[in-house]
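Trainee: Have a look at this one before I ask anything.
The values are calculated or read from the model by the stated rules, or taken from the named source; none is laboratory data. These numbers were taken from a predicted model, which means no experiment stands behind them. Positions of Cβ are generated from backbone atoms using ideal geometry, with glycine treated the same way; all protein chains shown enter the neighbour counts. Keep in mind that these areas ignore ligands, DNA and RNA; they rest on the heavy atoms of the full protein, side chains included. Shrake-Rupley method; radii C 1.70, N 1.55, O 1.52, S 1.80 Å.
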Amino acid sequence: MSVYRAEYIWIDGTKPTQKLRSKTKIVPSGEKPPVWAFDGSSTQQATGDRSDCVLQPVFQCPDPIRGGDDKLVLCEVMLVSGDPHPSNTRRANAEMATRFGSFDTWFGIEQEYTFFEGARPLGFPESGGFPAPQGGYYCGVGADEVFGRDVVEAHLDACLKAGLKISGINAEVMPGQWEFQVGPLNAPEIGDQLWVARWLLYRVGEDYGVSATLYPKPVRGDWNGAGAHTNFSTNAMRENYDACVAAAEALGKRHDLHIANYGFGIEERLTGLHETCSYKEFRYGVSDRGASVRIPWQVARDRKGYIEDRRPNANADPYVTTRLIIETVCGAADASRSHGASPARAAKRSGASRRSAA
Ligand code: ADP
Ligand code: MN
Ligand code: MN
Ligand code: MN
């Protein structure tokens, strides 16, 4: 009987930052990966006496590591009752995306990360101490400035073979720090693809003896932190600049809520230095990399496009960040349309008004 290997990947219950886990199932060729289970008492998702948690496949792609017919299978974690597990953030994301489906939100996430070899970032001197100060590393070239390119290229290759929508890669400001971008994609697909791309990053790193980390501030002091800038647009923003500005304004009204959900350790990273705005304030501006939200210059020129939320940490959960952005931006747009528009248009949009108008 011919078979294929399905690598079931899921997000665990580790606090304060959830981790990826995976295990392999052998599946008969031609059959879909079935619902499966795991020991939740070993992943902070259950107690030993009621240890079973359920793996519900939600996204799959070719496995670029094993090749052939083998697959990567991303799963939602469910309780045996059939309800989503409390650690499952994807379900709420998918529900929010459906609720505001008419906005057709697109997301492009810039995932920054840092390679470590043992206790020090790749490229930091083995003897201890620090490399030359930042300045030449960002998008650099040469053995004195760039560390880990072979791993980065292998990861890019793996993502492309898996069919993930990667839009680019670059070396970052701190040595050993890199970025890949995923998108633009709708939710929850953006979260699915980013989590699988993270899994591939860790997995490819194994082959090179380096670990990729998503620590938001891997080295204290005058070294850049690692973020997950989240670019997004609604159909209105892709047509009209006022909608881009309105989205930035809406984000400013719920700043604290977003900060609290944009990844553990965000206060260490959003200091106001190193191309960040302090977590204590909210600002947006054209081309401003010291703002919380940047409107790219081409967007200001074209009078349409997208905006960049620069606040999420590298270790943020994209299911959480994109759910909040949809709720904040689309919720505000809905509210202003039903208040600001003509009574007839407002009535069209709201079931209650439609009933009273009828
Ligand atoms: P930066 O200049 O901040 O480094 P990047 O080029 O790294 O920007 O990333 C920009 C991201 O924005 C990419 O992931 C891209 O797919 C995404 N993007 C482009 N257009 C849109 C759009 N209309 N809506 C949402 N995301 C978009
Ligand atoms: Mn970038
Ligand atoms: Mn970057
Ligand atoms: Mn950016």
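Trainee: State to the nearest 20 debye the size of the charge dipole of region 96-357 about its Cα centre, where the only charges are +1 on K and R beta carbons and -1 on D and E beta carbons.
Mentor: Using Cβ point charges on Lys, Arg, Asp and Glu, region 96-357 gives about 1600 debye.
Trainee: Run the simple label-point estimate for Glu249 and Ala335 please: 7 Å along Cα→C-beta, distance reported in nm.
Mentor: According to this spin-label approximation, the distance is 1.2 nm.
Trainee: Using a 1.4 Å probe, what is the accessible area per residue for the chain, in Å²?
Mentor: Here the residues of the chain average 46 Å² of exposed surface.
Trainee: How would region 177-259 be classified by its alpha-carbon gyration tensor: rounded, prolate or oblate, with rounded meaning a/c under 1.5 and the a/b versus b/c comparison settling the rest?
Mentor: Oblate.
Trainee: Further, regarding this structure: Over the chain, with a Gaussian network built from C-alpha contacts below 10 Å, which listed residue (Ser22, Ser41, Ser127) shows the highest mean-square fluctuation?
Mentor: Ser127
Trainee: Same structure again: Given a Förster radius of 35 Å and the C-beta distance between Ser102 and Asn170 as r, what FRET efficiency does 1/(1 + (r/R0)^6) yield to the nearest 0.05?
Mentor: Working: r = 34 Å, r/R0 = 0.98.
After rounding to 0.05, the efficiency reads 0.50.
Trainee: Starting from the Cα of Lys253, draw a straight line to each of the aspartates and glutamates and keep only those under 18 Å, dropping any in the same chain fewer than 8 residues away.
Mentor: Within the straight-line cut-off, Lys253 pairs with Asp242, Glu281, Glu308, Asp309, Glu327, Asp334.
Trainee: Could you check how much of the accessible area of region 3-88 is carbon and sulfur, as a whole percent, using a 1.4 Å probe?
Mentor: 49 percent
Trainee: Looking at region 1-91, which chymotrypsin sites (Phe, Trp or Tyr not before Pro) are DSSP coil and have at most 10 other C-beta atoms within 10 Å of their C-beta?
Mentor: Qualifying residues, ordered by number: none.
Trainee: Are there DSSP H segments in the chain that both extend 15 Å or more along their axis (alpha-carbon positions) and score a mean Kyte-Doolittle hydropathy of at least 0.0? List them, or say none.
Mentor: Length and hydropathy pass: 149-162, 241-253, 318-340.
Trainee: Another one. Within the chain, what percent of beta bridges assigned by DSSP are antiparallel, to the nearest 5? It would help to have the intermediate numbers written out before the result.
Mentor: Working: 49 of 56 bridges.
If I count the DSSP bridges inside the chain, around 90 percent turn out antiparallel.
Trainee: Separate question: I'd like the carbon and sulfur percentage of the solvent accessible area for region 96-357, probe radius 1.4 Å, heavy atoms only, ligands and nucleic acids excluded.
Mentor: The computed percentage sits at 52.
Trainee: Here is a follow-up. I want the local charge near Asp83. Using Cβ-Cβ distances under 12 Å, sum +1 for each Lys or Arg and -1 for each Asp or Glu among the other residues.
Mentor: Working: positive: Arg91; negative: Glu76.
Here the count lands on 0.
Trainee: Also: Taking a label point 7 Å from the Cα of Asp83 along the Cα→Cβ vector, which residues of region 15-46 have an amide N closer than 16 Å to it?
Mentor: Once the point is set 7 Å along Cα→Cβ of Asp83, 46 turn out to lie under 16 Å by backbone N, inside region 15-46.
Trainee: Trypsin sites (Lys or Arg not before Pro) within region 168-224: which are DSSP loop residues with at most 11 other Cβ atoms inside 10 Å?
Mentor: Arg220
Trainee: Right, here's the next one. Could you work out the helix-only [θ] at 222 nm for the chain, with each DSSP H run of four or more residues adding -39,500 (n - 2.57) and the total divided by the number of residues, to the nearest 500 deg cm²/dmol?
Mentor: Estimated from H runs of four or more residues: -9500 deg cm²/dmol.
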